[in-house]
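In what follows, a single structure is set out as structure tokens and then discussed.
The values are calculated or read from the model by the stated rules, or taken from the named source; none is laboratory data. Since we're looking at a predicted model, the values are computed, not measured. No Cβ is skipped: glycine too gets one built from the backbone with ideal geometry, and neighbour counts run over all protein chains shown.
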């Protein structure tokens, strides 16, 4: 039996989400993880930011958004002391169901080149690395 629950994030969760993200070494966003940005995401993408909770404590997150063309996953993380217990796989499966229900034909996610743990995790679950795409960003 699992000791966690997965649910859509609410505005009341934002402070705890931001605290979790600060403690996750693998999240190095070039976009500020601010209260206003998370609030905007929750309001404009209802049900697309999921949190995993153990009791009242947020121990994982995943953002999955579909833009009508393809879907993407962001800020997928599990607190280190809760890893390797199936929670990450459950979070990922839950967001994939959400995105499929919205009609997404494909889901993309990104990981830093040096994040070998995440890469091994995705490959174990059947995700395919793409070698035909190079990622570019425009930063304002």
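All of (1) touching a residue at least 60 places away in the same chain (Cβ under 8 Å); (2) at negative phi hold for residue 127 with one exception: (1).
Hey, can you tell me all the residues within region 125-140 that are under 18 Å from the mean Cα position of the chain (by Cα) and surrounded by fewer than 10 Cβ atoms within 10 Å (Cβ to Cβ)?
Result: 126, 128, 129.
For residue 100, the stated conditions do not hold, so it cannot be described as under 20 Å from residue 18 (Cβ atoms) and either part of a helix (DSSP H, G or I) or touching a strand residue (DSSP E or B) at 6+ places or on another chain (Cβ under 8 Å) (or both). In region 103-124, which residues are loosely packed, with under 15 Cβ neighbours inside 10 Å, at pLDDT 90 or above and assigned to a loop (DSSP other than H, G, I, E, B)? 103, 105, 106, listed by residue number. Summed over region 27-38, the residues that are at pLDDT 95 or above and touching a helix residue (DSSP H, G or I) at 6+ places or on another chain (Cβ under 6 Å) give a count of 2. Being surrounded by 13 or more Cβ atoms within 10 Å (Cβ to Cβ) and modelled with pLDDT of 95 or more is not true of residue 24.
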